[in-house]
Amino acid sequence: MPDPIAQFNSWMEDAKRAGIDEPTAMAVATADLQGRPTVRMVLLKHADERGFVFYTNLESVKSTQLKANPQAELCFYWGPLTRQVRITGPVGRTTDAEADAYFATRPLLSQIGAWASQQSRPMNGGYFELEQACARVALKYPLGNVPRPPFWSGFRVVPERIEFWKQKPFRRHERVVFIRENGAWREQWLFP
């Protein structure tokens, strides 16, 4: 039986071994209720048979779009390896316990930044406004025990479709898509 999650994890390990600067960087495409797309780069934090997880401010544009239209596509591109993976599926929130556990592993300054950033909203005072907000949060938690903000959590893309692309000479690329049907994966080769 095909296992695209194992294949993805194998390719991710190859990307890490290849020394790619941010191997977990992925484009996340969402759309609002009018179908207007938005895409941005985020970092994958976990991948298993339940899905692909990333974390964000729940008041951000991506979060607002995912609440209104809980579908997304992820795209990984590892140029030095000439490989790409696309993952499509419905999106749900991680549990509070999962978000708490991940937040606790973040560097202190990243925890402070999560509290300080009003993600996607205008800064009237320029970058200094963010620095001031970080300083206020650091003063609030001087011992470093920073709890997860209630407006910060994770999303899990539950894969229904995973496509693997490998560049080959003369545009004779390898494309294989795995489609989940009734809980099982079906493999289909595609023309490039």
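Data table
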| read-out | value |
| --- | --- |
| Selection status of Val85, surrounded by 14 or more Cβ atoms within 10 Å (Cβ to Cβ), under 30 Å from Glu13 (Cβ atoms) and in contact with a helix residue (DSSP H, G or I) (Cβ under 7 Å, 6 or more places away or on another chain) | yes |
| Residue in the range 111-128 that is part of a strand (DSSP E or B), surrounded by 13 or more Cβ atoms within 10 Å (Cβ to Cβ), of a type in the set (Gly, Ala, Ser) and free of Cβ contacts under 8 Å to residues at least 60 places away in the same chain present | no |
| Residue that is farthest from Arg136 (Cα to Cα) [pool: residues in the range 106-125 that are modelled with pLDDT of 95 or more and within 17 Å of the chain's Cα centre (by Cα)] | Arg106 |
| Qualifying positions in the range 139-192 - closer than 28 Å to Phe103 by Cβ, more than 21 Å from the chain's Cα centre (by Cα) and either small (Gly, Ala, Ser) or surrounded by fewer than 14 Cβ atoms within 10 Å (Cβ to Cβ) (or both) | Leu139, Lys140, Pro142, Leu143, Gly144, Asn145, Pro147 |
| Residue ID - farthest from Asn182 (Cα to Cα), chosen from residues in the range 1-15 that are touching a Phe, Trp or Tyr at 6+ places or on another chain (Cβ under 7 Å) and in a helix (DSSP H, G or I) | Ala15 |
| Count - residues of the range 149-185 that are in a loop (DSSP other than H, G, I, E, B) and either under 20 Å from Gly51 (Cβ atoms) or β-branched (Val, Ile, Thr) (or both) | 5 |
| Residue count, the range 1-48 (criterion: within 15 Å of Leu66 (Cα to Cα) and among the aromatic types (Phe, Trp, Tyr)) | 0 |
| Pairs where the first residue, in the range 65-80, is farther than 18 Å from Lys168 by Cβ and the second is at pLDDT below 95 and surrounded by fewer than 16 Cβ atoms within 10 Å (Cβ to Cβ), C-beta under 7 Å, 6+ apart | Gln65/Asp32; Ala68/Asp32; Ala68/Leu33; Asn69/Asp32; Asn69/Leu33 |
| Candidate set: the range 95-105, residues that are more than 16 Å from the chain's Cα centre (by Cα) and under 12 Å from Val146 (Cα atoms); chosen: the one surrounded by the fewest Cβ atoms within 10 Å (Cβ to Cβ) | Thr105 |
| Verdict on Glu131 being of a type in the set (Asp, Glu), assigned to a strand (DSSP E or B) and out of contact with any Phe, Trp or Tyr (no Cβ under 6 Å at 6 or more places or on another chain) | no |
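The values are calculated or read from the model by the stated rules, or taken from the named source; none is laboratory data. Just so we're clear, the structure is a prediction, and the values are computed from it rather than from any experiment. Heads up, the Cβs are rebuilt from the backbone with ideal geometry, glycines too, and the neighbour counts pull from every protein chain shown.
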